[in-house]
Structure formats: C-alpha cells, structure tokens
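Below: one structure, written as structure tokens.
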Amino acid sequence: MKLKMTLCVALAFTATALFAQSDYKQSIGLRFGSGYYDVVSAAYKTFLNEAGALEVNAGFHPYGVTGYRWVNASASVSYQHHFPIKPVDGLKWFVGGGVVAANSFSSNDYYKGFSLGLFPTAGADYKFSKIPLAVSADVRPTIHVVKAVDYHNSFYPNAGVSARYTF
C-alpha cells in the first residue's frame, strides 16, 4: 500500500512539473514564408539541448507567369541557438544558419531546375504556458550557390511566421 501511494504521489508530482514548464522538446506545424522557394511548409523543430534546436521544413511555392505554370518544392534544415528573454516566460530569441535545397517543376525548360542555398537565420520563438502551442517569426536571407531559374539573382530575402503543436 505504501509503495502504491508513493508511486501515485511521485507520478502526480512529475505530471505537475511537466505541465508547468513553458519550454518544449519537439513541435510540428506550418511555416508561412515570403521566400522564392517556399510560401508554405511543414515545420518540425526539435531541441538537441536546452539552447540548441534543429528545424526542418518541407515546402512548396506555386507560380504562374504569362501562361506558364511551375511549382517549387523545397526542403531546408537549420540550426538555431536560443537565448531567453528574461521578462517573459516562454519567449526566446535565436540565431543560427542552415541550408535549403529546392527543385522547380514546369513543362517549360526555362522554369525548371535544382537550386541549393545557404542562409543565416534569426528570430523569436514563444511557447504558450497553458496550451501546447509555439509561435515564431524569423528571417532567412538566402544566398543560392546553385540556382534553378536564370532570371532571378542569387539572393532571396525570406521572412516567415510559424505555428507549431508542441510535445
């Protein structure tokens, strides 16, 4: 009987401690961006330790210009190092960098091809304390070392916002 009571108290204490935290280990959701290679993407973020996280995105961006249609599909991964913003629990700013690979699909050869880019990233991430939701905003100015479409230059500004379910 004492063992069962001890286990129940320990379980209740652990559950209370877990749900009281405003930080999270993993999250999944959507990122809406302004970039050439993605306008919406699936977003997954996992913390490697208390400050370091990896964010993986898989996205697409449809286009249509003077009768030609094409779509970009992309995948990116970035490392983000987080720093707490003390007055607000759950709010952190981050800096880091990453890589993006994209491919343009079109019936017109001019609009199709592979691109590869590198980007620094910076932003803010907020985890709500009472619900399993994290929101963030970031900038990712991307420099493409391999570019698919000739009429674009190699620099693509990209800013985005995301909402992710935390677990």
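The values are calculated or read from the model by the stated rules, or taken from the named source; none is laboratory data. The shown structure was predicted, so the numbers you read here are calculated from the model rather than taken from an experiment. Cβ coordinates were reconstructed from backbone atoms using ideal geometry, including for glycine residues, and neighbour counts include every protein chain displayed. Areas reflect the complete protein model, heavy atoms only, side chains present, ligands, DNA and RNA absent. Shrake-Rupley method; radii C 1.70, N 1.55, O 1.52, S 1.80 Å.
Rolling a 1.4 Å probe across all protein chains gives Val95 an accessible area of roughly 60 Å². For segment 84-149, the list of trypsin sites (Lys or Arg not before Pro) that fall in a loop by DSSP and count at most 16 other C-beta atoms within 10 angstrom reads Lys112, Lys130. Karplus-derived 3J(HN,Hα) values for segment 101-112, using 6.51 cos²θ - 1.76 cosθ + 1.60 with θ = phi - 60°, are 10, 9, 9, 9, 10, 7, 7, 9, 4, 4, 9, 10 Hz; glycine and proline are entered as x.
For segment 48-139, chymotrypsin sites (Phe, Trp or Tyr not before Pro) are listed when DSSP marks them as loop and at most 14 other Cβ atoms sit within 10 Å of their Cβ; the list is Phe128. Using a cut-off of 28 Å between Cα atoms, the listed pairs Lys92/Lys147; Lys86/Lys130; Lys45/Lys130 include Lys92/Lys147 as exceeding that distance. Note on Ser154 and Ile28: their simple-model spin labels are 3.7 nm apart, each label 7 Å out from Cα toward Cβ. Charge tally for Ala137 (other residues, Cβ to Cβ under 15 Å; Lys, Arg +1; Asp, Glu -1): +3.
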